[in-house]
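For reference, the structure discussed in these notes is given below.
The values are calculated or read from the model by the stated rules, or taken from the named source; none is laboratory data. Here the structure is a predicted model, which is why all the values come from computation and not from measurement. Here the Cβ positions follow ideal geometry from the backbone for every residue, glycine too, while neighbour counts run over all protein chains shown. These area figures cover heavy atoms from the full protein model, side chains too; ligands, DNA and RNA do not enter into them. Shrake-Rupley method; radii C 1.70, N 1.55, O 1.52, S 1.80 Å.
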Amino acid sequence: MSTTVRSALAERSSRFDGGVRRGLALGAAALLIASFLAVCFDVADVAGGTNRLVLFVAASFVAATLLARFLPAVAALLIAAALLGVGLWSYVLAVPNGAALLRSFGAVRADVLALLTGLSILQIAEAGIWVAGIAPAPTFLAWYFALRRQYVGAAVVGGVTLGFFVLTGDAGAVVVLAGVVGAAGVVGFGELDSYGGRSGHAEVLVIVLAAMIVIAPLVSVVPSGAEESLVPSGGSGGGGGSTVEGSLLAAGDRVGIQGSISLSPELRFTVESDRASYWRAAAYDRYTGEGWVRTGDTRPLDGSLAGPPGNATTIDQTYEAEADIGLLLAAWKPVDIAGLAAEGAKVTDLNGLQPGDGLEPGDTYSVTSRQPIATSDALRTAGRNYPDGLAERYTALPESTPQRVANRTARITANADNPYDTARIVERWLEGTKNYSLDVDRPDGNIADAFLFGMDRGYCVYFATTMATMLRSQDIPARFVTGYAEGQRVAEEEWVVRGYDSHAWVEVYFPDAGWIRFDPTPGGPRTAVENASLEDARAGNATDIDTNASEGGEWTPTPTRTPFGGTNDSEPDDAANVQGGLEGVAEEEAEGANGTVSLPPGAETTGSAANGTGGDSSGPGPSLPSPTREQWAFGLVALAGLAAGARRSGAAERTYRELWLRYHPDDAPATEVERAFERLEYLLEQRHRPRRPDETPREYLAAIDADDRAVRVGDLYERARYAGSATGAEGDEATELVAGLVRERTPLLRRLRRS
Amino acid sequence: MTDANTDTEPGRVETTRPEPPHRPSIDEVGDLARTVIGNTEQVIVGSHDAIEHIVTAMLGRGHVLLEDVPGVGKTMLARAIARSFESSFSRVQFTPDLLPSDVTGTNVFNQKTREFEFRPGPIFANVVLGDEINRAPPKTQSALLEAMEESQVTVDGTTHALEQPFTVIATQNAIERNRTYELPVAEVDRFMKRLELGYPEPDAESAMLDRTVGTHPIERLEPVATLDQLRGARAAVGEITVKGPIREYVTRLANYTRERAELGVSPRGSLSVLRAAQARAALDGRGYVIPDDVKREAAVTLAHRVRPASGADRTGRDVIEAALSAVRVE
């Protein structure tokens, strides 16, 4: 009966005791701590040291749990400060020249400032040791405060730590949201714990938290909202531009990997060079599983740069920008740069060039490069005698990289007995087994693993990332390089480079030769896609896609992109690859990538995303887009918030009651009568007042002056309940009487009858 | 030892109660009760509730304690109800020097037969009115109370069964407490109901004066029911359905008082309220007890069994009222 339901609810509500409240508060604290630890573990995964971090964090939790019983807060603060100090000191000792660095206050201040203004932790040296030094202190302190019921303290410690990672740019949107929800939960549930809230209060808090979680992502889903999406709306993840250029060149120190992208046929620059080459923009050494990061400092260019260790040939290039562009392109390996646009140029830790300011159309600069020359035989015999530290830096993989990547690579390259053959086999294998397509669903997790085992198509970023990962799994130093392919040859020594020429490839290090280029992306399909894009653009009378010279077409047939055209070796295939691979030029970065994006990202993303979610055409029928894990989680949170809200507002019970009022199961007559009376009670409760618990049915019906039908139902109920006798006819009668009353109550019908 | 009702074995009662020839229906019981009540009301004005309560107590095999100031018609009420049945009626005026044998009867030596023979006391009647019971010493009181509980008296080791039906209506003065032997709660517990009559309403008092200023109408009151009818009605009332929800309701009420008073309702009290409720249902012509019956009878059947927590300015009745408004009806 309804009174029973209500009292049961009330009892349950009052049973929301301290244990539950405390559990919720501690759970929220754990969520907050987990949010910044997630960042730490991501870093440790990429940079190494996951086991060490697990150990430290676990020890922090245990210590906080034990000490929280008796340790005063001041002592805990001192311990946390000591932990932080020891952690940072260990880091300083672990990095080369660390102690010297510490002596220079200016350098330390500059580093801290750099971190607080967006320098990713992944970019600092020995990042794994760094996070292992940093993480224990806030973990210990936040958990200590939570256990001491000083929830605000826990929220402050966790919030500050998470805020630091937000400033470094390492905390993703989901992590930040989780941390914010955790912080709000700690304070909210903590207050309930401290002041003895009831479940009703907790429900309100759940609604608020769910609203935070649900509304935050909606900002990026509604049209004209902010760009970064917490919940991927389709198969393509990530944010930023959706052209190859955007994905490769937009971000300075890191490259994310996207899903579907498109190509821009617009002009970027023209190159006058005595040889064709790939025009290199930037290289990246640290693979995060989801993208690439360049570590190390960028310094001003001062004089000439060293050439490659082995034989090399000189290439002189002159670049003229045709669009706003934030790159200093160069063939590998640049040794000298001149021209107005080169003023203020900088050099990255990987010997790439970076402009002081962006280039504008018409800006020119010239670069002298020393391209390594080595025969394949020389490379085969180059051995593995790498310079100090180079192998460690360029063979590191995230610890979460599945072992099957290494296993598969080892199997594919079983016949290779030297790094060069291994690289060649991997390059050919990728060219041969994977198809070229710009239309892909970005996989979750480790890109290389997903591409190797789960995808049959991709574009240059996928090919290059996968090849670099495979080589690294075989302890061959390899890095990820972005830039432009040589473009359209419009004269003997002139190339026109368009947006779609932007490219990504791999460089592999060989002792006595330096970095040698390998391009695992199938050349033919890529050129076809590019040409189609150019034709479309020309047909559409687009501007900025041709120079005077380029409309005439190729000066000579475009050489096969891979293997790249050779020079002076007689053995076409082998030598071409080797010498073509000896390219090099500048690397760098592009803050000015905005200018390279030719179409509103939204428009392109929409189109490709639609294709992407349509599923494979080979599928047996139309397939529905299957929700991602994030979407599931998002949905569950929204559901929880709605449920709490519905319960809180009573909507759930009202809805249930409306259905229940009209549902008449066939039952034993006595039960039927009792059910009918429950419905009657509910009706009368709506119209008059609920029956007090101490009121007998008869008293209640008399008190509210119920009509004859209700009294009759009351009589039947008394007989059924207190005499235990009810006939089928009585059951039907009670059900029918109440059904009549329900019908009368329905507002619409009542109104119709009145009129 | 020649009394026909006396068993040869002491302490044993020969239960030779002939089954009434006719088991009345619930409707007949209700009619009977209403007839008795109407008949009594010819004499007693303005005490409808009290009359109902006494009649239902008789149907429920209980005894009644009337407690009030003197002169509100307690005795007259008892006599009028007794006369409405074709029953034997006796009255005992309790005084400080009353002996137990004055109530129960005594063995006297018969000079002719040269044997002791039992001379029954006033308690051998269908309706016994014990007036001002609290003026008698405890020993005498307990003789009456034992008879009420056991429906028998034991004199000189011989047990004598009482008349059936047997109903005691005792009165107790609520004033002059210092000159009385107040009944302990444990003994009051044996009464099914305690009633307080209160002063009559002005209209009712005027009507009463009008009727009684000449010949008292009770002298003309005729019986309207036979003892057989009363026995049959009692049997029928005992058969009235009491389902689980009602029993649980009564249990919750009793528990409530036990938790909130120094002395709560005894199991005997719970039984009493159920029996009274059965009779109340019969008066309504209903074959089953509903919570309303229990509520109607709760105050009069339970209040005198409760001793409120010391220091609390509450009476037993307050505790019962509180229980009724707090305990859930299901």
The answer for GluC sites (Glu not before Pro) in the range A:424-493 that fall in a DSSP coil and have at most 15 neighbouring Cβ atoms within 10 Å is A:492
Pseudo-spin-label distance residue A:643 to residue A:160, built 7 Å along Cα→Cβ, given in nm, is 3.8 nm
Expected unfolding gain across residue A:711-residue A:78 under the 0.36 nm per residue rule, minus the alpha-carbon gap, is 220.4 nm
For the pair residue B:139 and residue B:263, the simple spin-label estimate (label points 7 Å beyond Cα toward Cβ) gives in nm 2.3 nm
Ordered by number, the trypsin sites (Lys or Arg not before Pro) in the range A:106-170 that occupy a DSSP loop and have at most 16 other Cβ atoms within 10 Å are A:149
Interface buried area B-A, accessible surface with 1.4 Å probe, both sides summed, nearest 100 Å², comes to 1400 Å²
Plugging the Cβ-Cβ distance of residue A:414 and residue A:62 into 1/(1 + (r/R0)^6) at R0 = 56 Å yields, to the nearest 0.05, a FRET efficiency of 0.75
Taking R0 as 56 Å and r as the Cβ-Cβ distance between residue A:658 and residue B:149, the FRET efficiency 1/(1 + (r/R0)^6), rounded to the nearest 0.05, comes to 0.45
Whole-percent carbon and sulfur contribution to the accessible surface of the range B:52-198 (1.4 Å, no ligands, DNA or RNA) stands at 45 percent
The long-range amide H neighbours of residue A:335, using H built 1.01 Å from N in the peptide plane and a cut-off of under 5 Å, are A:368, A:369, A:370
Extend 7 Å from the Cα of residue A:692 along its Cα-to-C-beta direction; within the range B:246-263, residues with backbone N under 18 Å of that point are B:253, B:256-257
With 0.36 nm assigned to each residue of separation and the Cα-Cα distance removed, residue A:70 to residue A:729 gains 230.1 nm
To the nearest Å², the heavy-atom accessible area per residue of the range B:240-326 with 1.4 Å probe amounts to 39 Å²
With all protein chains in place and a 1.4 Å probe, residue A:636 shows an accessible area in Å² (nearest 10) of 110 Å²
Distance in nm between residue B:91 and residue B:35 label points, each 7 Å along Cα→Cβ, equals 2.6 nm
Candidate span helices, chain B: DSSP H, at least 18 Å along axis from Cα coords, Kyte-Doolittle average at least -1.0, result B:26-41, B:267-283
Straight-line reach check, residue A:333, cutoff 17 Å on alpha carbons, 8 or more apart in-chain or any other chain, hits among lysines -> A:346
Flagged as over-length at 29 Å C-alpha distance, from B:74/B:295; B:193/B:243; B:74/B:243; B:112/B:139, the pairs are B:74/B:243; B:112/B:139
